[in-house]
Amino acid sequence: MKTLLFTISAAFSISTCVAQESIRDQLQDLGVILYTREVQRQPENQSGPVIRYVNGVPQMPEMHPEKLEYLQWDLDAIAAYGYAIDAYNARIEAQDARIRDEQKAAYDAKIRAEQIEAYNAKVIAYNEKIIAENKKRSSESLTEDPQTTAIRLWPDLGIQGSALNTRFLQAVKGMRAQNPNFFTNEDWPLVLARRCSAEIKSEESAFIERTNELHVKTSRAFPDVDNDNSPLARRMIQIADKMEADKNPLVYSPEAAWVIANMAAKELGIMPKK
């Protein structure tokens with residue numbers, strides 16, 4: 001009976017030693033630095049293992065695979081070492097994150113500084129260009145006549161048939177009939193060109209605003225107009241093409257979309273939504 005108990009105890013001790021050595025080997029294979037110097041055994045009055053640190057890195061406690069009575073201490077030491085490694089890795093990860101954040105902040109600051117520097121260089125170059133052009137214009141204005149200056153400032157004025165050219169000629173004709181004294185001012189071409197240009201810009205803005213307003217109204221009443229494949233949209237295109245071929249001025253007016261949509265919807269029997 002004593003022989004059997006001794007055999008079982010010896011087998012358990014051998015198995016425990018093999019298990020402990022296997023754990024130790026696995027930790028070594030993972031690159032864990034083992035604390036191999038002689039250490040004192042765990043005092044009886046201490047509740048748990050003490051983890052040693054080398055340069056801030058937790059070290060693997062000494063194992064006692066040959067001492068069965070130290071089995072629980074060794075298991076506790078491995079667990080404590082695992083907690084210490086986790087805490088160490090967490091600190092390293094936090095430190096790495098802080099370093100990455102600092103590097104990113106420094107990089108972003110560098111990029112912003114470079115962008116600001118490049119922008120300032122562009123602004124300076126643009127200002128120098130404007131100053132040079134203004135000097136050139138000032139020198140030219142001293143020698144050129146007002147009509148040439150007007151054409152230089154508003155190039156469309158010198159293009160026959162352009163909106164500004166047509167409006168300018170009409171204004172000249174009207175002024176000669178209504179206010180001949182207007183032409184006693186030698187700068188009258190500049191005054192009249194500026195006035196005609198402002199009128200055209202104002203009309204263009206009103207045209208765009210009215211067109212957008214009616215487009216929204218048309219889309220709300222007939223949602224299919226925004227679907228190019230819908231029967232309504234295809235019919236509208238056909239009607240618009242015919243108007244353009246017939247040189248119908250309606251096709252170029254702000255009301256074109258609204259009128260053509262109603263015409264196409266009426267033919268297809270589509271009622272507008274309210």
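Values quoted throughout were computed directly from the atomic coordinates according to the rules given, and no laboratory measurement underlies them. All values derive from a computational prediction rather than experimental measurement. Cβ placement follows ideal geometry from the backbone for every residue including glycine, while neighbour counts extend to all protein chains displayed.
Would you please give the residues with an amide H less than 5 Å from that of M60, counting only those at least 5 places away or on a separate chain, with H modeled from the backbone geometry? Long-range HN contacts for M60: Y35.
Of V251, V216, the sequence from fewest to most neighbouring Cβ atoms within 10 angstrom is V216, V251. The string of couplings for region 183-195 from the Karplus curve (6.51, -1.76, 1.60, θ = phi - 60°) is 7, 6, 7, 5, 8, 4, x, 5, 4, 5, 5, 4, 5 Hz, one whole number per residue in order, with x for Gly and Pro.
Treating r as the C-beta distance of W188 and Q115 and R0 as 41 Å, the FRET efficiency rounds to 0.25.
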